[in-house]
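Below is one structure, written out as structure tokens; comments come after it.
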Amino acid sequence: MTTVAGFTETLDRFGAGTPVVLCHDDADGLSAGAILARAFAVTSHGPARVRVIGRGESAWSDAVRAELAAGPPVAGMIVTDLGVQAEPILPGVPTILVDHHVPRSEPGPEVATVISGYGAEPTPTSSLLAQACAAALIGEAEAEALVWLAALGAVGDLGERASAAQFPAVMAGARRFGTLKALREAVSLVNAPRRSSRGDAAPALRLLLRADGPDAVVSDASPDGEALRQARAEVKAALDAARTVPPLFAGPVALIRCDSPCQIHPLVAQSWTHRLHRQVVIGANAGFRAGFVHFAARSATEPDLITFLQERAPPLGPDDQFAQGHRRATGGQVTRETWNCFVAGLGFGPDAAA
């Protein structure tokens, strides 16, 4: 792990071309991407191109590599909220990984500079790390204009209460740009497109790249703002239907099945933890992507869900992603065959199979 000072040192190695920011499509990843892009825009390095990595994609996939290689020359890359792993995305291109998840593997210094919150107490989200990088790039005073984005990402990942307790200065700074009610509303809206059946977070990113605070996100009357509101309405309807499905039980695990084109399985799992305090709750969605089951694990009492899942992992294939994310909020996406092996190993019957 490198300190934030390594951010500007690596920027000095960027070459000719356009900086590229790759970011995740949730509130934390989009906020981090917007912070970095807006900071680049006022420096000699910018402007940067932002590419959201969305549903079923990986920044380390051959498809993304080919897309980047076929486009305009890449001066360097900042990859945020997408994990840490050893392989280069574009070999020979200076790369900075800004992330807070459990690393899948560690790159060597010749592959990427890693600015990670993992292991720190409290653990900063990717948007908080991006805010620190922006301050190193354009100065503390100028970066203060972006602090509400850092707060938006933190609330999206940690919730309002934990964000206020763990990062009070950031939350206090964000209140200069809007009310906490507006911030909560903005988080809900920004997260909605990725959870909708379309899964297109581009409207949310465009809003974050131009808004001057959470009130502007909430009140936006453009087609982008309308797209966020429509997405949220669609997701709410799907979630209301899924919450009527009773859980299945096997040992320490409660499983809630849903079949929806919306990404509601993390919300389903989280909602049941308030009633099933002693179980690890898994929300599983066989309708999200053809041929796969996407699932999320949450718990009110289990402190390390990644280890919990890894100890019960089935044999994994090349297309499976399993036990990724945070210790308290993890999940994965696996083929139907892998899923059926997994739930059978947990002790579930045929009603849990996809």
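The values are calculated or read from the model by the stated rules, or taken from the named source; none is laboratory data. Nothing here was measured: the structure is a model prediction, and the numbers come from that model. No Cβ is skipped: glycine too gets one built from the backbone with ideal geometry, and neighbour counts run over all protein chains shown. Side chains included, ligands, DNA and RNA excluded: accessible areas come from the protein's heavy atoms. Shrake-Rupley method; radii C 1.70, N 1.55, O 1.52, S 1.80 Å.
Can you pull the percent of the chain's accessible area that's carbon plus sulfur, 1.4 Å probe, other chains left in place?
54
In µm²/s, what is D for the chain at 20 °C and 1.002 mPa s, where D = kT/(6 pi eta Rh) by Stokes-Einstein and Rh is the Kirkwood radius from Cα pairs?
The estimated diffusion coefficient comes to 104 µm²/s.
Between segment 271-300 and segment 145-222, what is the separation of their alpha carbon centroids in Å?
25
What is the magnitude of the charge dipole of segment 251-321 about its Cα centre, with +1 placed on the Cβ of each Lys and Arg, -1 on the Cβ of each Asp and Glu, and no other charges, expressed in debye to the nearest 20?
Approximately 280 debye in magnitude.
What shape does segment 19-67 take by its C-alpha gyration tensor, where a ≥ b ≥ c are the square roots of the eigenvalues and a/c under 1.5 counts as rounded, a/b above b/c as prolate, and the rest as oblate? Intermediate results must be reported in sequence, preceding the final value.
Working: a/c = 4.07, a/b = 1.50, b/c = 2.71.
Here segment 19-67 falls in the oblate category.
Under the definition of Cα pairs under 8 Å and six or more residues apart, what whole-number percent is the relative contact order of the chain?
Reported as a whole number, the value is 12 percent.
So what is the diffusion coefficient of segment 218-309 in µm² per second by Stokes-Einstein at 4 °C and 1.567 mPa s, using a Kirkwood Rh over Cα pairs?
Rounded to a whole number, D works out at 91 µm²/s.
For segment 109-257, what class follows from the C-alpha gyration tensor (a ≥ b ≥ c being the square roots of its eigenvalues): rounded when a/c is under 1.5, otherwise prolate if a/b is larger than b/c, else oblate?
oblate
With charges only on Cβ, +1 for K and R and -1 for D and E, what is the dipole size of the chain about its Cα centre, in debye, rounded to 20?
With Lys and Arg at +1 and Asp and Glu at -1, about 880 debye.
May I ask for the longest run of the chain untouched by GluC sites (Glu not before Pro) that are loop-located per DSSP and have at most 10 neighbouring C-beta atoms (other than their own) within 10 Å?
111-310
Which order do R13, R278, R232 take by accessible area at a 1.4 Å probe, largest first?
Listed by decreasing accessible area, they come as R278, R13, R232.
Let me make sure I get this right: for segment 183-272, a, b and c are the square roots of the gyration tensor eigenvalues over alpha carbons, sorted descending. Under 1.5 in a/c it's rounded, otherwise prolate if a/b > b/c, else oblate. Which is it?
prolate
For segment 22-127, report the translational diffusion coefficient in µm²/s to the nearest whole number, using Stokes-Einstein at 10 °C, 1.306 mPa s, and a Kirkwood Rh over Cα pairs.
For these conditions, the coefficient is 113 µm²/s.
Could you compute Rg(Cα) / (2.2 N^0.38 Å) for segment 198-240, with N its residue count?
The reported ratio for this selection is 1.18.
Hey, if you drop one equal point scatterer on each alpha-carbon of segment 311-354 and run the Debye formula without solvent, what base-10 log of I(q)/I(0) do you get at q = 0.19 Å⁻¹?
Relative scattering, expressed as log10 I(q)/I(0), comes to -0.58.
Please report, in Å, the Rg and the Dmax of segment 85-150, where both are computed over Cα atoms only.
Here Rg and the maximum Cα pair distance are 13.2, 36 Å.
Could you check what % of the DSSP bridge pairs in segment 252-354 are antiparallel, to the nearest 5?
Working: 16 of 22 bridges.
Percent antiparallel among DSSP bridges in segment 252-354 is about 75.
As a test, work out the antiparallel percent of DSSP beta bridges whose residues both lie in the chain, rounded to the nearest 5.
45
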